[in-house]
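Structure, as structure tokens:
Where a number appears in this text, it was derived from the coordinates with a stated rule and is not lab data. For clarity, every value in this text was computed on a predicted model and none was experimentally measured. Neighbour counts run over all protein chains shown; Cβ positions are idealised from the backbone, glycine included.
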Amino acid sequence: MQERFAASDIAERAEQALSATISDSGFDLLLCAWTGTSGRPALQVYIERPNGDSVGINDCVAVHHAITDVLDVEDFIPVGYDLEVSSPGLERPLKRPEHFELQVDKEVRVRTWEPIDGRRNWKGRILSVDGEILAVEVDGQEYRIPIPAVERASLVYQGPTKGQKKGANSRTKRSKRS
């Protein structure tokens, strides 16, 4: 349990320390995560654009440079670590109630710190969010999971369905004119 709180504390402290700098760079801070405690630790910083446009590699590099100095000055991480800045991606991480609220009716993967109803891993559709309670449908049954009990959660990428072409539009082949 001690490691859990240390990881959570580092992530929360990083969010507090970095939010303004990331905002000044033209991005929103989605969340920070402290990972890899058994190997090489990493501070993961997920950014997004306020208008919803995509985040590119050059954006991540620029934010990385902007926040490195803040982390060096604040100096609250007691060990060596890697700093990773990225977009949320297709399997967007979810942490706060508002993250879950925006994804109602979408499929999610959730892992809890401790077992709830005999399980720690959940994969199902988000039904609703009521305060700090996440309602998820798994195999036709509704489960209520306290959001503070969630170790990690993310959307499940739903690729193109069978018979659907990749991309936003399907194109038809034009016939040749003689």
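Taking GluC sites (Glu not before Pro) across segment 63-159, the ones in a DSSP loop with at most 15 further Cβ atoms lying within 10 angstrom of their Cβ are Glu91, Glu132.
Quick one: dipole size for the chain, taken about the Cα centre, charges +1 on Lys/Arg Cβ and -1 on Asp/Glu Cβ, in debye to the nearest 20.
Details: 24 positive and 28 negative charges, 384 e Å.
Roughly 1840 debye, rounded to the nearest 20.
So which residue, out of Ala33, Ala14, Ala66, gets the largest mean-square fluctuation from a GNM of the chain using Cα contacts under 10 Å as springs? Checking each option, the largest mean-square fluctuation is seen for Ala66. Adding -39500 (n - 2.57) for every DSSP H run of four residues or longer, then dividing by how many residues the chain holds, sets the calculated 222 nm ellipticity at -8500 deg cm²/dmol.
Run the numbers on the chain and let me know its relative contact order in percent, using alpha-carbon pairs under 8 Å that are six or more apart. Walk me through the intermediate numbers first.
On the way: 266 pairs, mean separation 28.2, N = 178.
Computed value for the chain: 16 percent relative contact order.
Between Ser87 and Ile47, the built amide H atoms are under 5 Å apart, and every one of these is 5 or more places off in sequence or on another chain.
Normalised by residue count, segment 2-86 yields a Cα convex hull volume of 88 Å³ per residue. Summarised in one figure, the compactness ratio Rg/Rh of the chain, Cα atoms and Kirkwood Rh, is 1.06. Taking the Cα atoms of segment 97-155, the ratio Rg/Rh between the radius of gyration and the Kirkwood radius comes to 0.90. Distance from the alpha carbon centroid of segment 20-36 to that of segment 41-55 works out to 6 angstrom.
If you take the charge dipole of segment 2-86 about its Cα centre, with +1 on Lys and Arg Cβ and -1 on Asp and Glu Cβ, which of Ile77, Cys60, Ala6 is farthest toward its positive end? Positive-most Cα among the choices belongs to Ala6.
How much of the DSSP bridge set in the chain is antiparallel, in percent, rounded to the nearest 5? Let's see the in-between values first.
Details: 30 of 35 bridges.
Around 85 percent of the beta bridges assigned by DSSP in the chain are antiparallel ones.
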